[in-house]
1. Could you count how many residues in the range 214-263 are free of Cβ contacts under 8 Å to residues at least 12 places away in the same chain and either under 20 Å from residue 147 (Cβ atoms) or crowded, with 18+ Cβ neighbours inside 10 Å (or both)?
2. Take the residues of the range 47-57 that are in contact with a strand residue (DSSP E or B) (Cβ under 9 Å, 6 or more places away or on another chain) and outside any strand (DSSP E or B): which is farthest from residue 360 (Cα to Cα)?
3. Select from the range 1-37 the residues that are at pLDDT below 85 and part of a helix (DSSP H, G or I) and list them in ascending order.
4. For residue 188, state whether it is under 20 Å from the mean Cα position of the chain (by Cα), under 17 Å from residue 137 (Cβ atoms), in contact (Cβ under 8 Å) with a residue 12 or more places away in the chain and surrounded by fewer than 24 Cβ atoms within 10 Å (Cβ to Cβ).
5. One residue is enough: does the range 62-85 have a residue meeting the conditions surrounded by 17 or more Cβ atoms within 10 Å (Cβ to Cβ), touching a residue at least 12 places away in the same chain (Cβ under 8 Å), outside the structural domain of residue 179 (by TED's automatic domain parsing) and more than 21 Å from residue 145 (Cβ to Cβ)?
6. Could you pull out the residue among 68, 40 that is touching a strand residue (DSSP E or B) at 6+ places or on another chain (Cβ under 8 Å), modelled with pLDDT of 90 or more and not in a strand (DSSP E or B)?
7. Can you name the number of the only condition in (1) closer than 16 Å to residue 163 by Cβ; (2) at pLDDT below 95; (3) within 14 Å of the chain's Cα centre (by Cα); (4) outside any loop (DSSP other than H, G, I, E, B) that residue 134 fails?
């Protein structure tokens, strides 16, 4: 059977860039603010992935192009056992695509909504795995800025992986971030303080605060602070200075002590490194090498007999979506035919110009080819090989909503724009305003 199956696989030219035709679309599994996620199978290798796709016109109209480009810039340079890693990025006339690790265990938000009661041992392992992920990002000078249950996916063995780098940023030596970026209930106090009074900005410490909020919520079922999207920044600054976190009396004292260190308002006194975490009495018995190698049994293993996401995603894609993915090939063929006719003058020349710039500037990446060249000694890590592959993330059922009620993220403030998207300024605010960074 294996031989027959293998002989039927299509063979693609190795010199050809990976594109939409290389994948079989299987089903829709998730939706974010401007992107969707589906399960795909690469036709030649039969490997399964998750594919995130983002409509170009919507990204332009919502000033999200620069964020997408920054995400690609970051993900092409990183790879870690507890991240959701990107394998391919490519585009067509309509969409931009990121093909990433497929994790079928669902995100922590989904399981909380399903009333899963996570054991302390399970959450302790998530804490350790996310500690290693944040330590890696810190060493790469990356602030994630959106650590929360929605963005932590489980694999089929129950191990945690951090995803969604849409608002991540790179801070080089001595730099500080200043944008009001993230999901309010998980944002560290210094982000709000920086927004109101300026000052020195913030660094990776903010991700460790978010980890503390996330671990508290996964253990208890609610967050340490009652914060919602509607809360003003000024009221939140006041809240952090007046409200004390109430910890469960049933929790071990060492756990409470560690959470206090993560949820310390002053970042100078907060736990914010792997070394800090390793010195905590609560984690004193952890074999960190075993954690990294996924040798520790997970306290919660998702049911392998089901897909851990909202089943309505697929129904919506098949019935309600005006440009369904499974009809893309026919649709693009019609569009090309129409574009070749004399009557195909664009209704919006400005938008068309932006689309053309986006087409030119988009970063194509292929990690599989990049790894192969590394093995052959033809390429160095971090090189400028345009055919290399990037890291990305896809949410198996994750959404941008913050439970228990939807809470939109605040608009990010300006950050230095990545060099790779410099030409996008040609299109002004339509293509990518500085405020989208």
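1. 2
2. Step one: filter the range 47-57 for residues in contact with a strand residue (DSSP E or B) (Cβ under 9 Å, 6 or more places away or on another chain), giving 47-56.
Checking which are outside any strand (DSSP E or B) leaves us with 47, 56.
Details: 47: 29, 56: 13 Å.
Going through the qualifying residues, I end up with 47.
3. Passing the criteria: 2, 3, 4, 5, 6, 7.
4. no
5. Looking through the range 62-85, none of the residues is surrounded by 17 or more Cβ atoms within 10 Å (Cβ to Cβ), touching a residue at least 12 places away in the same chain (Cβ under 8 Å), outside the structural domain of residue 179 (by TED's automatic domain parsing) and more than 21 Å from residue 145 (Cβ to Cβ).
6. On the way: 40 fails: not in a strand (DSSP E or B).
Being touching a strand residue (DSSP E or B) at 6+ places or on another chain (Cβ under 8 Å), modelled with pLDDT of 90 or more and not in a strand (DSSP E or B) holds for just one of 68, 40, which is 68.
7. Result: residue 134 fails condition (2) only.
A quick yes/no check of all residues on (1) part of a loop (DSSP other than H, G, I, E, B); (2) touching a helix residue (DSSP H, G or I) at 6+ places or on another chain (Cβ under 9 Å); (3) outside the structural domain of residue 265 (by TED's automatic domain parsing):
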{"site": "147", "(1), (2), (3)": "yes, yes, no"}
{"site": "153", "(1), (2), (3)": "no, yes, no"}
{"site": "158", "(1), (2), (3)": "yes, yes, no"}
{"site": "165", "(1), (2), (3)": "yes, yes, no"}
{"site": "174", "(1), (2), (3)": "yes, no, no"}
{"site": "182", "(1), (2), (3)": "yes, yes, no"}
{"site": "185", "(1), (2), (3)": "no, yes, no"}
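The values are calculated or read from the model by the stated rules, or taken from the named source; none is laboratory data. Remember, it's a predicted structure, so these values are computed and weren't measured experimentally. Cβ: placed from backbone, ideal geometry, glycine included. Neighbour counts: every protein chain shown.
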